[in-house]
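The values are calculated or read from the model by the stated rules, or taken from the named source; none is laboratory data. Given the structure is predicted, the values throughout are model-derived calculations rather than measurements. When we count neighbours, we look across all protein chains shown, and the Cβ atoms used for this are built from the backbone with ideal geometry, even at glycine. Remember, those area values only see protein heavy atoms, side chains included, never the ligands or the DNA or RNA. Shrake-Rupley method; radii C 1.70, N 1.55, O 1.52, S 1.80 Å.
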Amino acid sequence: EKARDLDPHSPVSLTVLGHLHLAAHDPGKAGEAYAQAVRLSVESELAIYGMMNSCGGEHAKREALALIREELKRQTIFGDELIAYRGVAGEVLPPDELLANLQEALDARPDLWQTWSAVALQLMDMNRLEESADVLDRAVVRFPMLPKLRFDLAHVRHLQGNAAAAKEGLQKVLEINA
């Protein structure tokens, strides 16, 4: 608490405080600390995961997800937090609702490769492979030197039964990483 008082704008001290409250079996105070950390910086993935772990039921988890989603919209983000959001939201939200949220993020921030990846992975999880491949094809055009997107596309091609395209995609991943 002293560290938080010394630097009240540090999400790290609030995240640690949340961990300590959670370890002391006080999920209410833990959730408050994690929520404050997320409000300061939604890039704090540990605070995102901690906040979700401190929630007692589905209603509380939906409220926490709503806070994370609002902060993703409000704050300047760099992308990795969208992957964290997808991970925690996938345990609570129905697949179509999560896809709509991720698509909204892609519409708002097409400049982040992570928004493309999150949408494509969600479509893949929903077994909507053609749509996932289409998103990844467009992402690869936009971000041609990003191995992760090409790897995801190769995975979709494999799931579609197109071994030749999957192999070609993985070879491109290796070329980029060389």
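Could you please give the count of residues in region 102-115 that are open to solvent by less than 20 Å² (accessible area, probe 1.4 Å) and assigned to a helix (DSSP H, G or I)?
4
Can you tell me which condition G169 does not meet? The list is (1) of a type outside the set (V, I, T); (2) more than 23 Å from P94 (Cβ to Cβ); (3) in a helix (DSSP H, G or I); (4) open to solvent by 40 Å² or more (accessible area, probe 1.4 Å), and all the others hold.
Only one criterion is unmet by G169, namely (4).
Among the residues of region 131-150, is there at least one that is touching a Gly at 6+ places or on another chain (Cβ under 7 Å) and surrounded by 14 or more Cβ atoms within 10 Å (Cβ to Cβ)?
yes
Quick check, is E58 open to solvent by 70 Å² or more (accessible area, probe 1.4 Å), over 15 Å from the mean Cα position of the chain (by Cα) and modelled with pLDDT of 95 or more?
no
Part of a helix (DSSP H, G or I), under 19 Å from the mean Cα position of the chain (by Cα), at pLDDT below 95 and exposed (fewer than 15 other Cβ atoms within 10 Å of the Cβ): is that true of E81 in this structure?
No; evaluated as a whole, the condition is false for this residue.
Which members of region 1-27 meet the condition of being without any contact (Cβ under 8 Å) to a residue 12 or more places away in the chain and open to solvent by 30 Å² or more (accessible area, probe 1.4 Å)?
Once the filter is applied, which keeps residues that are without any contact (Cβ under 8 Å) to a residue 12 or more places away in the chain and open to solvent by 30 Å² or more (accessible area, probe 1.4 Å), region 1-27 yields K2, D5, L6, D7, P8, L20, A23, A24, H25, D26.
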